[in-house]
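K.L.:
Before anything else, here's the structure in question.
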Amino acid sequence: MKDTPGWASPGSAPSDGQQPGTFGTQPPEQPSDHGGTDQPQPPTNWSKEQPPPGQWTAPQPQGPGQAPPSPPPGPGWGGPPPAGPGGPGGGYGGWGGPNQGFGGPQGWGGNWGPPRAAKPGVIPLRPLGVGEILDGAVSTMRTYWRTVVGISLTISVVTEIVVILVQGFALNDRANTNVFNERNPSPSELSRALGDSLLTSGAVFVVALLGTIVATALLTTVTSRAVLGRPVTTAEAWHDARPQLARLLGLTLLLPLMAFAIIAVGALPGILVAVAGSAAAGAALALLGGLAGGVVALWIMIRFSLASPALMLEKQSIRKSMSRSAKLVRGSWWRVFGIQLLAQIIASIVASMVVLPFALIAGVLSGSGFSSFFNGSGGNIGWTFLIVSGIGSVIGRMLTFPITAGVSVLLYIDQRIRREALDLDLARAAGVQGYGSDAPGTTPGS
């Protein structure tokens, strides 16, 4: 067993009234005619009328091909309990009866594991596995669907309306990228087309980022309450998350900027070599430097990936939340990276399953918008295409927001349980009686 916080060690002493041989160290007793006594009686107490000796034979198999019955397992090791005064499994204080000794669900018989953890909410209060983290995120969405769906749907609708209006009015006429398909475009045309494309992508990214920040903040509060088994309304979630929104925005912008700066520093020597005159060598050096910088940036991003829930739940500053994330991730980088990557893959698959059919339907209904979507012209995208594809985006975000936010919060809670025994504080906050008690015969959460 791992000596990690949150695991209670089972008791090693037998229950009161345990008979000798409970631990399976003595051989089974020989059969006797008097089941109520352990020692054989003197021959003078036997009946004078006994069967002739010749009628006693050794036991034989019950039939051809049948093996003789196997002897019963030694007591105390998970086998069926012997009958006692309290019936099967009871009366001897250690066979799975009311005393919860060595054969019941609280001990070592049959299961060979730690005692069952308390589960006041969507996760058990102990170190979690990957499946339990994913299941906890889905269970939060399923159990508190009114609040979760209400938050996700509202933010997704508002975000997509702003994106559609920006694309339809402000940027639609400037987003024509046909110049990229020309054979000999002028430098001014290329720079203008590139600027328009970046402006379009940047505006959409900023709007989507703001929506993601608000959704993450609110769903973090909902998930943290779901761990305790307590529902929360949208108004309560907003009241709790609103003071931290500005800090969460700063943190969300700071991390990508750090990653971009690291990659740029890695590629800078190659760029300088290319400017000096050796274009081929500079390009190769810039590529290698960029890849090296990307690896470092990925390591930094995972190291600070738990800063968002730390900032929201601990009410910390940006610097302190990043320090808390680094402390929690230390020694578990690959595990945190794998779980975060798996959550992103699942969210991307779910979003694609929803968005792509709506994009195809929008292309069929809009005609020109569908062809421009594939040939890269991008000019004069119709309102029909924007609205129908926007509906798919709304549904996709509504489903993916709870997954990504829930996994991040539950991973943060799991790391704190492993390192700081947060399960004890959560059990007390949830009102679980006797959690963490070392008294024999008790179970956390019972």
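K.L.:
Along region 393-398, what does the Karplus equation 6.51 cos²θ - 1.76 cosθ + 1.60 (θ = phi - 60°) give for ³J(HN,Hα), rounded to whole Hz, x for Gly and Pro?
P.N.:
Here the 3J(HN,Hα) series is 5, 4, 5, x, 5, 4 Hz.
K.L.:
Under a 5 Å amide H to amide H cut-off, with H placed in plane at 1.01 Å, what residues pair with Gly382 once short-range neighbours are removed?
P.N.:
When sequence neighbours closer than 5 places are left aside, the close amide H contacts are Gly369.
K.L.:
Also, quick follow-up: In whole Hz, what ³J(HN,Hα) sequence does region 126-140 give by Karplus (6.51, -1.76, 1.60; θ = phi - 60°), x for Gly and Pro?
P.N.:
6, x, 9, x, 4, x, 5, 5, 5, 5, x, 5, 5, 5, 4
K.L.:
What does the C-alpha gyration tensor say about the overall shape of region 307-354? Classify as rounded when a/c is under 1.5, otherwise prolate if a/b is larger than b/c, or oblate.
P.N.:
oblate
K.L.:
By how many nm would the segment from Met301 to Val157 lengthen if fully extended, with 0.36 nm per residue of separation less the alpha-carbon distance?
P.N.:
48.9 nm
Values in this text are rule-based calculations from the coordinates and carry no lab data. Just so you know, these numbers come straight off a predicted model, no measurement behind them.
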